[in-house]
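> For reference, the structure I am asking about is given below.
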Amino acid sequence: MRFAVEERDGYTEVSAQGRLNMVGAPLLKATVTDAIESGHRLLVLNLGDTEFMDSSGLGALVGCLKAARQAGGDLRIANVGEQVEMVLKLTSMDRILTPYRHVEDAYKDA
């Protein structure tokens, strides 16, 4: 799993590429933790290049959301593929981590 972190206008985009499973989940947590510790509070996780997510990945998303909120910020997800969206819906996590169609839409209302 590979990640890219880029500052945008008012938020930070974390792009995830690969499989968000038990191998990739700790890497995601570390990347988001580093971003938060660097002062980035409003994060958008771009999952457009994430081809697969399992329960470990889902747990990582929840952990990242919690870390961002504890730091006084928020984490939102965007550009979600079919498989990831299916996992979110089957677990009803799409109610907590609402997927946005485009990265730019995630903080449009903020």
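The values are calculated or read from the model by the stated rules, or taken from the named source; none is laboratory data. Please read all numbers here as calculations on a predicted model, not as lab measurements. Virtual Cβ from ideal backbone geometry, glycine too; neighbours counted across all protein chains shown. The protein model used for the area step is the full one, side chains on, heavy atoms only, and it has no ligands, DNA or RNA in it. Shrake-Rupley method; radii C 1.70, N 1.55, O 1.52, S 1.80 Å.
> Measuring from a point 7 Å past the Cα of D109 along Cα-to-C-beta, which residues in region 68-94 have an amide N at less than 19 Å?
69, 73-80, 89, 92-94
> How much net charge surrounds V84 when only other residues with a Cβ under 13 Å from its Cβ are counted (Lys, Arg +1; Asp, Glu -1)?
Net charge around V84: -4.
> Around D49, under 12 Å between beta carbons, what's the net of Lys plus Arg minus Asp minus Glu among the other residues?
Local net charge: +1.
> Using 1/(1 + (r/R0)^6) with R0 = 22 angstrom and r between the beta carbons of S38 and R101, what's the FRET efficiency to the nearest 0.05?
Result of the calculation: an efficiency of 0.20.
> Continuing with this model, one more query. Would you please give the FRET efficiency between F52 and L27, computed as 1/(1 + (r/R0)^6) with r the Cβ-Cβ distance and R0 = 22 Å, to the nearest 0.05?
Computed FRET efficiency for F52 and L27: 0.95.
> Sticking with this one: Tally Lys/Arg at +1 and Asp/Glu at -1 over every other residue whose Cβ is under 15 Å from the Cβ of R95; what's the total?
0
> Per the 1.4 Å probe, what fraction of the accessible area of the chain, in percent, lies on carbon and sulfur atoms?
Looking at the chain in its full context, I get 47 percent from C and S.
> Right, next: Students sometimes get this wrong: rank T31, T91 by accessible area, probe 1.4 Å, all chains present, largest first.
Heavy-atom accessible area, descending, gives T91, T31.
> What longest range of the chain stays clear of loop-exposed trypsin sites (Lys or Arg not before Pro) (DSSP non-H/G/I/E/B, at most 13 other C-beta within 10 angstrom)?
It works out to 9-100.
> When you count, for each residue, the other Cβ atoms within 10 Å and take the mean per peptide, how do 33-40, 10-17 rank with the highest first?
Highest mean packing first, the order is 10-17, 33-40.
> I need the P(r) histogram for region 1-89: all alpha carbon pairs, bin width 10 Å from 0 out to the longest distance, whole percents.
19, 57, 23, 1
> For region 4-110, give me the percentage of DSSP beta bridges that are antiparallel, rounded to the nearest 5 percent.
20 percent
> How much length would be gained if the chain were fully extended between K89 and R19, taking 0.36 nm per residue of separation minus their Cα-Cα distance, in nm to one decimal?
The K89-R19 span can extend by a further 23.4 nm.
> Which chymotrypsin sites (Phe, Trp or Tyr not before Pro) in region 25-110 pass both tests, a DSSP loop state and at most 14 other beta-carbon atoms within 10 Å?
Answer in residue order: no site qualifies.
> With every protein chain present, what is the per residue accessible area of the chain (1.4 Å probe, Å²)?
That works out to 55 Å² per residue.
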